[in-house]
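Pasting a structure here, questions to come.
Nothing in this text is a laboratory measurement; each read-out follows from the coordinates by a stated rule. The structure presented is a predicted model; accordingly, all values stated were derived computationally and were not measured. Neighbour counts are summed over all protein chains in view; Cβ atoms, including those assigned to glycine, are modelled from backbone coordinates with ideal geometry.
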Amino acid sequence: MRSLLLRSASAALCLAASAYSASAQDADTIKIGVVAAESGAFVSAGHTLPAGVGLAVKEINDAGGVKIGDKTYKIELLKRDDRTDIATAIAATQELVRDDKVAAIFGSESHDFTLAMAKITQPAKVIHFAGNSTLAKVLNPQSVAPGGEDHYLFQSEPQEFQRSGSTARGVLSLLTPLVGHPLKKSVVIVGNDATGQFLTSYYVKALKAEGQEVPEVIAYPPDTTDFSPFLTRAKSLNPDVVHFWYNGDSTLTALPQALELGVAPSYFLFGVDPGIWKERGLSADVPVAMSCVPICWGESSNANAKTYFSNYFAAGAPKGVTSSVSLLYYDYVHFLADAWEKAGTLDPDATVAALESMHHKGVVSDDLSFNASHQVTHATEVCAAAPGGAITCAMQQPPAEAPN
Amino acid sequence: MIMKSSSSPLASLLPALAVLVVLALVPALGPSNRILSLAISAGINIVALYGLAVLFGQTGILSMGHAALVGVGAYTAAILARDLGIGFWVALPLGSLLAAAVAAIVGVPSLRVSGHHFVIMTFAFGQLLSIVLTNGGAFTGAATGLDLQLPVTWFGRPAGDLVPYYFIVIAFVAISAVASWLIINSSYGRTLRAIRENEKLAASLGINVGRHKIGAFVVSGLFAGVSGVLLAYFFRHISPNQFSAFPSIYLALMVMIGGARLLLGPIAGGILVSFLPEMLNLDPVESRILYGICLIAVILLLPNGLIAGLFDGLRALGRRLVGSAPRPNVPTDGTSETA
């Protein structure tokens with residue numbers, strides 16, 4: 001009987017100790033979530049989100065964690081695959097917000113998923129970072145003000161006029177010397193989906209602001225594999241440059257067909273990294289420009305990015321067309337950790353106030369900050385492959401103001 | 001010859017209602033919000049599936065553009081909320097009626113053809129609507145879509161939590177099941193089945209086949225419209241992609257796997273297709289392979305769907321256990337009599 005009592009007491013003590021330890025573990029951990037397509041149609045960009053956020057979390061935890069007041073917290077990352085399905089993205093967000101009580105959410109890569117997710121994160125006061133320039137549709141000084149419906153939502157990609165502006169300028173400045181004569185006429189070929197429509201309107205304005213004549217924007221249905229009807233139309237317009245403005249995977253299907261048809265004396269591939277160009281052994285008998293979102297991993301001119309991508313790939317992330325998209329998230333995990341430390345609390349309102357007032361030294365920029373609409377500004381890297389194969393890259397600063 | 005079944009019409013409704021009572025008790029078990037959210041999405045699909053079941057199961061017409069009719073309901077709700085401040089409960093009948101009206105407009109030319117030609121026409125309609133929504137400018141929010149700001153009110157209070165919305169969706173699934181049962185067991189339902197079994201014979205009996213087929217398509221539009229309004233108020237952001245070809249194919253898949261002729265079929269199909277990837281942790285490619293295999297298996301082995309096949313199996317097992325002679329042909333389409 002005595003032995004039974006002793007065993008029971010020991011078991012009770014063990015249970016109590018485990019319970020205490022578990023609650024202490026919870027108390028010393030900040031949970032953050034990432035929702036992204038780790039499978040399905042958007043996996044190419046989607047898998048870069050957990051990889052970038054995960055690398056930042058590891059770096060923060062390895063450096064000791066986040067010091068808030070006199071207490072140090074480790075960050076626990078909860079990854080959720082949305083399977084490129086909006087119902088799953090919403091279910092994952094509900095789980096992270098209501099069950100896991102995360103302090104912040106990163107994602108998703110798809111603009112309409114993000115907008116639906118924000119309907120869950122914002123009323124729950126969860127800090128939400130997303131690298132979708134389409135967020136400009138809902139972010140403005142009123143909506144992000146205290147009490148506004150998107151007070152806790154942050155756009156970690158520059159405004160589209162900035163990205164389009166720096167890309168157009170970079171493409172034309174790199175291609176002109178390679179083509180050997182001034183470039184006057186551009187034709188844009190774009191995927192006719194939500195992102196394509198949104199981006200194109202800005203890019204065409206940016207090209208016109210650089211003095212380009214843009215006689216036509218040719219839209220192709222998503223998932224097109226035979227581009228010949230669209231390319232034949234483009235060729236008939238005698239362009240100096242054909243811009244494949246979205247998306248990277250379709251672009252790589254379209255370019256060989258364009259080269260075969262001899263559509264233009266130069267091309268631009270949006271969202272294709274020169275690293276992929278080299279790894280796949282691609283070549284062209286005319287100059288081809290490429291742009292990355294936001295900095296290239298293949299031939300970057302940015303020293304910070306070289307270190308980042310070396311760590312990123314060393315952590316096991318695959319080299320992909322859109323690996324650079326991870327940079328739209330990586331910097332903001334560090335930025336958020338700094339904001340918590342500055343605020344001295346995990347309180348979401350104090351954290352937002354800190355994020356709004358801070359300047360952060362990141363990989364994409366030495367001076368990252370959010371404007372009055374919770375949007376960042378930074379440069380975009382553009383590269384060009386000469387017919388001989390040599391690749392040159394340059395960081396292009398965005399225009400100060402949107403073109404009329 | 002009309003053969004009377006020994007079971008009453010109510011007997012075909014009771015299993016569905018019993019399952020819905022069990023599903024209504026799910027929140028009491030404290031499920032995670034992820035499961036609850038997926039269950040709401042599945043329930044919204046099931047409402048649309050009941051409409052598709054009337055069309056496919058009773059009339060024998062398969063639509064591959066049903067998600068587009070769901071989209072009509074969803075966009076009606078979002079536009080009414082944005083432009084006129086009209087909320088959930090008023091949007092429900094309006095969305096439903098507009099989806100039915102669109103079904104009628106599409107149905108008139110489409111139902112002049114039949115069989116796979118109609119399938120192609122509905123598929124084309126789905127694609128066309130997606131293009132119209134994508135290029136609809138500010139009115140439809142173009143490709144970016146529309147936000148829905150108004151809350152759903154539940155007994156005068158905002159239903160911000162998932163549980164109240166789950167009950168609302170379950171209630172609409174129950175209403176849809178009862179409505180389907182009423183249609184199936186009405187003379188209208190018998191007329192539709194006569195058309196399904198033999199169009200020419202039905203016409204020779206004086207049935208206006210074309211009008212009734214359009215009518216069935218309109219009825220399926222009513223269900224789809226309700227489903228669309230429920231979806232818009234759940235997702236709070238809608239875009240054309242959600243109502244394009246793939247969602248339509250998925251709806252057709254759900255109704256074929258679950259079975260279109262029994263009232264439990266749409267419930268089984270909706271739950272299976274929504275939860276199978278979750279339970280087996282399948283990625284979208286694996287899921288599609290599995291659905292394809294399921295579909296082939298159902299077509300070859302269980303032509304009336306999983307639930308009808310299950311009932312047939314149970315019945316055969318029961319006969320074997322009691323050693324009795326086979327009973328007369330009992331209908332597997334939720335009716336109390338069969339031709």
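Mind checking which of B:I105, B:I267, B:I195 has the largest fluctuation in a GNM of chain B, springs on alpha carbons under 10 Å?
So, out of B:I105, B:I267, B:I195, the one fluctuating most is B:I105.
Want the number for A:K74 to A:D285: 0.36 nm per residue separation, take away the alpha-carbon distance, what's left? Intermediate results must be reported in sequence, preceding the final value.
Working: separation 211, 0.36 × 211 = 75.96 nm, distance 5.23 nm.
In short, 70.7 nm is gained.
Still on this structure: If one takes the longest principal axis of the Cα atoms in chain B, at what angle in degrees, from 0 to 90 and to the nearest 10, does the Cα axis of helix B:66-79 lie?
Result, in degrees: 30.
Mind giving me the FRET efficiency for B:L301 and B:F246? R0 is 35 Å, r the Cβ-Cβ distance, nearest 0.05 is fine. Let's see the in-between values first.
On the way: r = 26 Å, r/R0 = 0.74.
Once rounded, the FRET efficiency stands at 0.85.
Determine the shielding of peptide A:186-192 by partner chains: average, over its residues, the number of Cβ atoms on other chains within 10 angstrom of each Cβ.
Details: counts 0, 0, 0, 0, 0, 1, 4.
Other-chain Cβ atoms within 10 Å of each residue's Cβ, averaged: 1.
For the stretch A:23-145, compute Rg over Rh where Rg is the Cα radius of gyration and Rh is the Kirkwood radius from the inverse mean 1/r over Cα pairs. Mind showing how you got there, number by number?
Details: Rg = 14.7 Å, Rh = 15.0 Å.
Across the stretch A:23-145, the Cα-based Rg/Rh ratio is 0.99.
If you line up the long axis of helix A:327-343 against the longest principal axis of chain A, both from Cα atoms, how many degrees apart are they, to the nearest 10?
40
Summarise the partner chain shielding of A:88-97 as one whole number: the mean count of Cβ atoms from other chains within 10 Å of each residue's Cβ.
Counting Cβ atoms of other protein chains within 10 Å of each residue's Cβ and averaging gives 6.
Here is a further query. Given the pairs A:K71/A:K342; A:K58/A:K119; A:K185/A:K208; A:K208/A:K278, which span a C-alpha to C-alpha distance of over 21 angstrom in this model? Mind showing how you got there, number by number?
Values: A:K71/A:K342 13 Å; A:K58/A:K119 29 Å; A:K185/A:K208 10 Å; A:K208/A:K278 31 Å.
From A:K71/A:K342; A:K58/A:K119; A:K185/A:K208; A:K208/A:K278, over 21 Å: A:K58/A:K119; A:K208/A:K278.
Here's a follow-up. With a cut-off of 16 Å, note down the residues of the stretch A:362-395 whose backbone N falls inside the zone around a label point 7 Å from the Cα of A:A303 toward its beta carbon.
Within reach of a label on A:A303: A:362-367, A:395.
With springs only between Cα atoms under 10 Å apart, run a GNM on chain B and tell me which of B:S32, B:S63, B:S41 wobbles the most.
Checking each option, the largest mean-square fluctuation is seen for B:S32.
Using square roots of five times the C-alpha gyration tensor eigenvalues, list the equivalent-ellipsoid semi-axes of the protein assembly as shown in whole Å, biggest first. Could the numbers behind the result be given before it?
Details: eigenvalues 468, 257, 105 Å².
Over the Cα atoms of the protein assembly as shown, the ellipsoid semi-axes are 48, 36, 23 Å.
Rank B:G313, B:G228, B:V169 by how far each Cα sits towards the positive end of the charge dipole of the stretch B:3-338 (+1 on Lys, Arg Cβ; -1 on Asp, Glu Cβ) and give me just the farthest.
B:G313
Then there's this: So, counting K/R as plus one and D/E as minus one, what does the shell of residues with Cβ under 12 Å around A:T380 add up to?
On the way: positive: A:R163, A:R169; negative: A:E157, A:E160, A:E381.
My count for the surroundings of A:T380 gives -1.
Could you give the length gained on full extension between B:S186 and B:T153, defined as 0.36 nm per residue of separation minus the Cα-Cα distance, in nm?
Numbers: separation 33, 0.36 × 33 = 11.88 nm, distance 3.43 nm.
That works out to 8.5 nm of additional length.
For Cα pairs less than 8 Å apart in space and 6+ apart in sequence, what is the mean separation divided by the residue count of the stretch B:3-338, i.e. the relative contact order in percent? Don't skip to the answer; put the middle values down first.
Numbers: 538 pairs, mean separation 109.5, N = 336.
Reported as a whole number, the value is 33 percent.
Now a separate question. What is the mean projected area of the alpha carbon convex hull for the stretch B:1-153, to one decimal in square nanometres? Let's see the in-between values first.
Working: hull surface 51.8 nm².
Seen from a random direction, the Cα hull of the stretch B:1-153 projects 13.0 nm² on average.
Which value in nm describes the separation of the simple spin-label points at A:N238 and B:V163, placed 7 Å from the Cα toward the beta carbon?
7.2
For the Cα atoms of chain B, what angle does the longest principal axis make with the long axis of helix B:116-134, in degrees from 0 to 90, nearest 10?
Compared with the principal axis, the helix lies near 10 degrees.
Net charge near A:A145: determine it from the other residues with C-beta under 12 Å of the C-beta of A:A145, scoring Lys and Arg +1 and Asp and Glu -1. Mind dumping the intermediate values first?
On the way: positive: none; negative: A:E149, A:D150, A:D349, A:E356.
For residues surrounding A:A145, the net value is -4.
To continue, here is another question. Which of the peptides A:35-41, A:307-313 is most tightly packed, and how do the rest follow, going by the mean number of other Cβ atoms within 10 Å of each residue? Mind dumping the intermediate values first?
Working: A:35-41: 23.7, A:307-313: 17.7.
Ranking, from highest mean packing down: A:35-41, A:307-313.
How much FRET efficiency would the formula 1/(1 + (r/R0)^6) give for A:A402 and B:F139, where r is the Cβ-Cβ distance and R0 is 22 Å, rounded to 0.05? If you can, show how the numbers build up before the last one.
Working: r = 24 Å, r/R0 = 1.09.
It comes out at approximately 0.40.
Spin-label point model (7 Å from Cα, Cβ direction): what's the A:S143 to A:D223 distance in nm?
With each label placed 7 Å out from Cα toward Cβ, I get 2.9 nm.
Say R0 is 56 Å: what FRET efficiency, to the nearest 0.05, do B:S114 and A:K31 get from their beta-carbon distance? Walk me through the numbers before you get to the answer.
On the way: r = 56 Å, r/R0 = 1.00.
FRET efficiency, B:S114 to A:K31: 0.50.
Normalised radius of gyration for the stretch B:3-338, please: alpha carbon Rg relative to 2.2 N^0.38 Å, two decimal places.
Working: Rg = 19.8 Å, N = 336, 2.2 N^0.38 = 20.1 Å.
With N residues counted in the stretch B:3-338, Rg over 2.2 N^0.38 Å equals 0.99.
How many nm separate the modelled label positions at B:R315 and A:D100, each set 7 Å beyond the Cα in the direction of the Cβ?
4.7
For the stretch A:39-118, which trypsin sites (Lys or Arg not before Pro) are both in a DSSP coil and crowded by at most 12 other Cβ atoms within 10 Å?
Numbers: sites: A:K58, A:K67, A:K71, A:K74, A:K79, A:R80, A:R83, A:R98, A:K101; in loops: A:R83, A:K101.
Counting only loop positions with at most 12 other Cβ atoms within 10 Å, the trypsin sites (Lys or Arg not before Pro) in the stretch A:39-118 are A:K101.
May I ask you to sort B:R190, B:R34 by Cβ crowding, counting other Cβ atoms within 10 Å and putting the fewest first? List each step's numbers first, then the result.
On the way: B:R190 17, B:R34 22.
Lowest count first: B:R190, B:R34.
Moving to a separate point now. Could you pull out every residue, at least 5 positions away or on a different chain, whose amide H is within less than 5 Å of the one on B:G136? Hs are placed 1.01 Å off N in the peptide plane, and Pro or chain starts have none.
HN-HN under 5 Å from B:G136: B:A142.
Please give the calculated 222 nm ellipticity per residue for the protein assembly as shown, where each DSSP H segment of at least 4 residues contributes -39500 (n - 2.57) and the sum is spread over every residue; nearest 500 deg cm²/dmol?
Working: 27 runs with 399 residues, N = 743.
Mean residue ellipticity at 222 nm (helix-derived): -17500 deg cm²/dmol.
Follow-up. Evaluate peptide B:38-44: per residue, the Cβ atoms of other protein chains within 10 Å of its Cβ; return the mean as an integer.
Details: counts 7, 1, 4, 6, 1, 0, 1.
Average neighbour count from other chains, rounded to a whole number: 3.
Around B:L62, what is the net charge, scoring Lys/Arg as +1 and Asp/Glu as -1 over all other residues with Cβ under 15 Å from its Cβ? Don't skip to the answer; put the middle values down first.
Details: positive: B:R196, B:K213, B:R261; negative: B:E199.
Combined, the nearby Lys, Arg, Asp and Glu give +2.
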